[in-house]
Amino acid sequence: MTDRYDVLLVGAGHNGLVCAHYLARAGRRVLVLEVRDEPGGCAATREFAPGYSVSACAQWLNQLHPDIIQDLALENSGLEWAARDLETISLDREGQHLTLLGDRVEGERVSREDREAYRVFHARTSKYVKLLRKAFEARAPKLVESNVTDRLNLLKLGLGLKLLGREGMSDLMRVILINMYDLMEESFDSAQLKALLSLDSLLGAHMGPRTPNTVFGYLYRRLGDSFGHHGPAVLKGGMGALGKAMAASARAAGVEIRTGERVTSIDLEAGRVCGVTLASGEQLRAPVVISNADPVTTFEKLVGYRNIETGVARRVSQIRFNSGTVKLHLALDRLPDFPGLSEQQLGQRLVIAPDMDYIESAFNAVKYREYSTAPVMDISIPSLHDRSLAPEEGHVLSAIIQFAPYAPNEGWEACRERYIEQLIACIADYAPDIGQRIVAAELLTPADLENDFGMTGGHWHHGELSMDQVLMMRPFPGATQYATPCDGLYLCGAGAHPGGGVMGLAGRNAAREILRRGDAA
Amino acid sequence: MSQRSDDTMMLTTPFHSRVAAACELNCWGSWKDYTTPNAYTDVELEYFAIRNAVGVFDLTPMNKYRIGGTDAEAYLNRLVTRNVGKIAVGRVGYTVWCDDAGQVMDDGTIFHLGENDYRLCAYARATDWLHWSAMGFDVTIHDESADIAALAVQGPTSCSALMAMGLRGVEEIKPFGLAHFDFDGQPLMISRTGFTGDLGYELWIAPEHAEALWDRLFDAGRDYMIKPFGMEALEMARIEAGFLQAGVDFMPAEDVVRRGRSRSPFELGLGWLVDFDKPLFNGRRALLREQTEGSRYRFAYLDVDGNKPAHNSFILFNGKQVGTVTSAAWCPTAKSNLALGQLKMPHGGVGEELVAEIYYQRELQWTKVLAPCRVIESPPFNPPRRRATPPDAC
Amino acid sequence: MSGEAAGKHVNKYDAIVIGAGHNGLTNAAYLAKAGLRVAVLERNPYIGGATVSRELHPGWTYSNCSYVCSLLRPELARDLELPRHGLQVVPYGGGVTFKRDGNYYGNYYDHNRQYREMARHSKRDANAYERYTADVMKQTRLIRPFLLKRPPDPTSLKLRDLRDLAEFAAPFLAMGEEGLADTLRFWTKSVGDYLDEYFESDVIKAHMAGSGIIGTALGVYSPGTAYVLLHHYMGDVDGNVGSWGFARGGMGAVASALSKSLQAFGGEIICDADVRQIVVRGGRVTGVALANGDEYRADVVVSNLDPKRTFLDIMDRSDLPPELVTRARNFKIRGSSGKLNIALDGLPTFTGLDKQSPLMLGDMHFSDSLERLERAYDDWKAGTWSKDPYLDMLIPTQTDPTMAPPGKHMMTVFVQYAPPKIQGGDWTPEDKAGFEKSVIDQIAAHSPDFRDLILHCETRTPAEIEAEVGLTEGNIFQGELTFDQLLFNRPFPGYAQYRGPVGGMYLCGSATHPGGGVMAAPGANAAREILRDLHKPNTVPGGYADD
């Protein structure tokens, strides 16, 4: 019996679509199965109040790899930039905001020394980011059981390290493991600048500025720079437009996508993957199954721990998935007034993170399963760039907020409304009339994000991006290089190397690896 | 107040009052959490009780885990290397279990007590691994080690002694079978299992009836020359029968610090316990690979010339060290000098001639002997009475 | 030890060691053993640095800084004949974490007894402990052979460095792909996350996690702390790996034995000699100048001080490469701990524990959950002492009969966390009283008679430890033991092989590889490099081979 498909791919997130596209282009017959009604996964737009739409999960596009934009011809598949290369503005209660763009930082309270120091800092870290990029554009090399490809990769990385010079190399070895707090204290005076860069290091993470590894998080965030993004971008139609464009591009390459199909299990025969079973009971067969879901969803829910070996199950269950990130959506009857900010400035990326200790205190709360009463925020008002998102005078405000737990001590239902009020009050410190502007509000807790997008723990990166969970340790030892202990089963999502963010590299690298192995042939 | 710290003191088994009274040599050792006799009266005589009449060993300290729930069989099948589905209710199976790398964690026996009801009996503690293995299964795991008292009754007259206790039907139990009896209104389970390689049974009862069981057994066994035996006699018997001991003949895989010191079932001569027809069990992938790529070591029974036991000996081939002995004994019944050895591949094929480098001392003078030895297929002690059902009248 | 008579004069030596801490003394001993004329200059009127025994209450001897002795390398103790010079290290048993519910978790040496104690809290944990022990031992075995070696320089292409690097990498590669991944995970993980992978019982995790944060300005959930845990498993007392002991007579016995060993080789120790300046001429050291104007000339100057003090305080900026100054400034030596030394009228009793329970012989703690430990760290981050601190408390007089009058006792309480400054300001007497109270209250909550037994209490804040001992911010390791400051990164990349930036200048303190904990290894390793540079035969032993 011949199978209709060479590859079944579970989950039409952006990585899944990218992976499917490359496989189809190489001649593989690929079927993508997506439980949601729209492809795109976290690249989604949703109408959360009548007439008001917003990017439901990820809100900025700042890391998408240029090869993917090009290879998938996304700009010909319906992807339209509403605004690109936005500035980041760190809000100040007294209206003395700080603006960051590329290697420039401006603001009334930023000293000349800090401006210069930031330029130097930016140049220094850009070199490290370039090296990181090299490591992320290929599969994570094995170190012991390395083959020629791995050794070549390692050689390239080693060479890149050498090219940093003795000074740069030793500096990188030191900073990559330390925390942003110390690096910032070493580098700058401005509390606002230090806090802003710290925030960038820990978005989506369960870390505070003092947590070692946050410098790595910062460099990770900066990858977008090396991909040619000079700041965050918003898309026409919200992030869902990216999902749509990717799906269109994949279909054009011959990928079949079935939405509204829940995969209930990934099926094995004698340790080898053989297909999947759908909620409808339909069974599909293929020699290769790729999961775009996170490793816990893949192995616990779809494969089943009982169908893998104990040690593997133990490894999977020990991946850290603590999230502290929530999403707030506000429908506004008109644009709120942020004193000190022009309308043009309101269209930029707005950040609430006054100083590093503020962020650290915000993080303290989530460690004990409480939400931060003084949270940090990353705010977008995309309707300033894209009128399709809100009616007439109206606007939508979307904010990524840290920190709030997956399961607060008192339970989300008991505190959800109170928490929303608190968040709005926090924004009101910078936009006093925000309360009067609100038509509707929606909060997506980590638990909601888990439900909506199937991300374990609501974790954006499909598992914490800390040093012990990256490179060949991602997703877990024994399942590196996209292959898994189940023959024929591959991972292509953010849970695999190099990790999360709308980057697309996990999907592309996985496709390359599968083609290299020739399993799908 | 002081009660709490007592919780950590050495334990005694429910047979202790009887064991202590019989332990004339007052020669004690410790087995995990329990004080147990190394020898009662005379190691040689205890050993011969096993081989000639009937010996009794208190095996209460063994780790016993009760596995239940609708997935019990599926769970055990993923856990161990052999097919648990082939162990019928009322049967016992010897097996090993491995980590993902196909390295042996321990060996033990699975008692199929009833539908979805199993007992796993193991030398090493296994709680941690059993619980990790339970993810995804509807099973219950209960450590019932302290809830069950157990005696091994071993030797040619063991069946007769048990029958003399009034346990009718015990003679019908086949090797690796089990049956339930009434002991003064209390449930008593008897399995035809043991660690001596002889005809023998193991008796399982609630701790509160342990002393009564002991008393009745010794009363009934008097005419069959019943004797308790300790660790040292057991060690002689188990080596003679060629049984492996965790921590002696192999290292439990997860306790290994130095890479490469663990062993696979194939490397322990237990490949016959590996059932690749099962689609999944821990270590399957690694063991399949080992089958094609070859093992690193081979387990061998060595028949050593002379009468000096080859304790801790190096095994030489053409003067080069190719292995070591893990257990060795002069076997008084089989009249052979047996060693259990680990040989580097490709050594250890049956019939291979090797040399054991033996060190022994007499009156503080150490002597080195280079004793020729050869690999034999199976241990020399394997009497027909071990298999006959009903056992020959004894 | 001779206090040199006043009068400004010039003294000529082959080598000067600044600071008579245990590493300075060790370093000097090996230089003297090689035939060099060596002088150790000590600012204080007594030697030892943080390995001291002091009688601060009549009849009581306090190990008022470091208080236990386990990591001291046996190779060095034997080679320098420390036992002959009076050092006796006695292992102690026991150890306990008291729970708030009146129960406790105890520590036993005997494996099976430890199992039973753990099983009281969780059978699964008790069994998992065997796997945990094996896994931690794997890591210990990786690092131990490198304690008595200089770290390789991965940026160097010199033959010796490449060889060292290959030697260093070999055991890592021998672990296999998964084993290596596990090792990297271990080195980058938090102690809390690591323990969560093995154990379910909060008190068991809390008991073990303490070792991951002692002396470190990080919390139990800060990545990198799992390695610090290892640092406490590396010791041996008589080959019993991981066990801990007391130096009979207090930690001053270590310094005393080292000084006698040094003197036996002809070395000198000069106290009350406060070095103000390392003198550099033409890119080479020529000696040191003291506060009193005295000069000591030598072609070799070794600093037992931490890099901040060495480079920022007693060296001239113009003698140093600018990037080194930045690195010294950025080197993390954060004060995170304080100490109480208490003279007791008798042995206290603890609620729920037998009077004179053997568990009291060891380290006692009161933090029974990882959350409490993490919250204690939050206070430090906020710039204040922990209101519910982590205590590592010992009563060494149950093991060592020499430190207090018969029937009386001495208690040493290591307190985590305490910052070097309170919200950016200096410690006030009220702060110190508040700090002391938080400690005494925690102990008294579990020991009803404790308060009444106190005869004298010496409370030491990080600031005071710094002022007296000269450890920057009172950090016990002379710099945090996180991966960014370990091995070839210790104290900073490019300077990890004990050589300073100018010719003839060396570092030998705990800020160098392999770090703090009264190992004496940094001092010995530095001596090996110095002798190599001087083309002298090596006098420093290598480490025992691991089996």
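Computed quantities for the displayed model
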item	result
Residues located in the stretch B:205-260, provided they are among the β-branched types (Val, Ile, Thr), more than 30 Å from B:Glu377 (Cβ to Cβ) and either within 14 Å of chain C (Cβ to nearest Cβ) or open to solvent by 10 Å² or more (accessible area, probe 1.4 Å) (or both)	B:Ile226, B:Val257
Residue within the stretch B:152-169 that is in a helix (DSSP H, G or I), surrounded by fewer than 22 Cβ atoms within 10 Å (Cβ to Cβ) and among the charged types (D, E, K, R) present	no
Candidate set from the stretch B:348-378 (those that are part of a strand (DSSP E or B) and over 21 Å from B:Gly319 (Cα atoms)); member that is least open to solvent (accessible area, probe 1.4 Å)	B:Gln361
When residues of the stretch B:175-196 are limited to those that are open to solvent by 20 Å² or more (accessible area, probe 1.4 Å) and in contact with a helix residue (DSSP H, G or I) (Cβ under 8 Å, 6 or more places away or on another chain), the one nearest to B:Arg216 (Cα to Cα)	B:Asp184
Residue check, A:Ile319 within 14 Å of chain B (Cβ to nearest Cβ), within 19 Å of the chain's Cα centre (by Cα) and either under 23 Å from C:Tyr194 (Cα atoms) or not in a loop (DSSP other than H, G, I, E, B) (or both)	yes
Residue in the stretch A:404-423 that is modelled with pLDDT of 95 or more, within 24 Å of A:Ala195 (Cα to Cα) and surrounded by fewer than 19 Cβ atoms within 10 Å (Cβ to Cβ) present	yes
Residue count, the stretch A:154-184 (criterion: in a helix (DSSP H, G or I), facing chain C (nearest Cβ under 10 Å) and touching a residue at least 60 places away in the same chain (Cβ under 8 Å))	1
Those helices (runs of 4 or more DSSP H) lying entirely in the stretch C:352-455 with at least 3 residues away from chain B (no Cβ under 14 Å) and surrounded by 18 or more Cβ atoms within 10 Å (Cβ to Cβ)	C:370-381, C:429-444
Subset of the stretch C:142-152 that is open to solvent by 20 Å² or more (accessible area, probe 1.4 Å) and over 21 Å from C:Phe186 (Cα atoms) - its residue that is nearest to the other protein chains (Cβ to nearest Cβ)	C:Arg150
For B:Gly136: the one exception among (1) buried (at least 20 other Cβ atoms within 10 Å of the Cβ); (2) without any contact (Cβ under 8 Å) to a residue 24 or more places away in the chain; (3) more than 14 Å from chain A (Cβ to nearest Cβ)	(3)
In the stretch A:346-369, residue farthest from C:Trp380 (Cα to Cα) [restricted to those that are of a type in the set (D, E, K, R) and within 10 Å of another protein chain (Cβ to nearest Cβ)]	A:Arg369
Residues of the stretch A:345-375 that turn out to be within 19 Å of A:Gly95 (Cβ to Cβ) and in contact (Cβ under 8 Å) with a residue 60 or more places away in the chain, as a count	11
Meets criteria (modelled with pLDDT under 95 and either surrounded by fewer than 20 Cβ atoms within 10 Å (Cβ to Cβ) or within 28 Å of A:Ala26 (Cα to Cα) (or both)) for A:Gly228	yes
Selected residue (criterion: farthest from the other protein chains (Cβ to nearest Cβ)) from residues of the stretch A:280-316 that are small (Gly, Ala, Ser) and over 25 Å from A:Arg36 (Cβ atoms)	A:Ala313
For A:Ser372: the one exception among (1) open to solvent by 10 Å² or more (accessible area, probe 1.4 Å); (2) polar (S, T, N, Q); (3) within 14 Å of another protein chain (Cβ to nearest Cβ); (4) closer than 21 Å to A:Ala195 by Cα	(1)
Filtered residues of the stretch A:283-295 (kept if more than 12 Å from A:Val10 (Cβ to Cβ), open to solvent by 10 Å² or more (accessible area, probe 1.4 Å) and within 17 Å of the chain's Cα centre (by Cα))	none
Residues that are polar (S, T, N, Q) and either in the same structural domain as A:Val502 (by TED's automatic domain parsing) or within 26 Å of A:Gly95 (Cα to Cα) (or both), drawn from the stretch A:177-222	A:Ser187, A:Ser190, A:Gln192, A:Ser198, A:Ser201
Test result for C:Met234, assigned to a helix (DSSP H, G or I) and more than 8 Å from chain A (Cβ to nearest Cβ)	no
Condition check for C:Gly338: surrounded by fewer than 19 Cβ atoms within 10 Å (Cβ to Cβ) and either assigned to a helix (DSSP H, G or I) or away from chain A (no Cβ under 14 Å) (or both)	no
Sole exception among (1) surrounded by 20 or more Cβ atoms within 10 Å (Cβ to Cβ); (2) more than 10 Å from every other protein chain (Cβ to nearest Cβ); (3) modelled with pLDDT under 95 for A:Leu197, by number	(3)
Test: B:Asp99 is among the charged types (D, E, K, R) and within 14 Å of chain A (Cβ to nearest Cβ)	yes
Filter result for A:Val234 (more than 14 Å from chain C (Cβ to nearest Cβ), farther than 25 Å from C:Arg327 by Cα, over 25 Å from the mean Cα position of the chain (by Cα) and open to solvent by less than 10 Å² (accessible area, probe 1.4 Å))	no
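The values are calculated or read from the model by the stated rules, or taken from the named source; none is laboratory data. Here the structure is a predicted model, which means the values were calculated and not measured. In this analysis, Cβ positions are derived from the backbone assuming ideal geometry, glycine residues included, and neighbour counts consider all displayed protein chains. Side chains included, ligands, DNA and RNA excluded: accessible areas come from the protein's heavy atoms. Shrake-Rupley method; radii C 1.70, N 1.55, O 1.52, S 1.80 Å.
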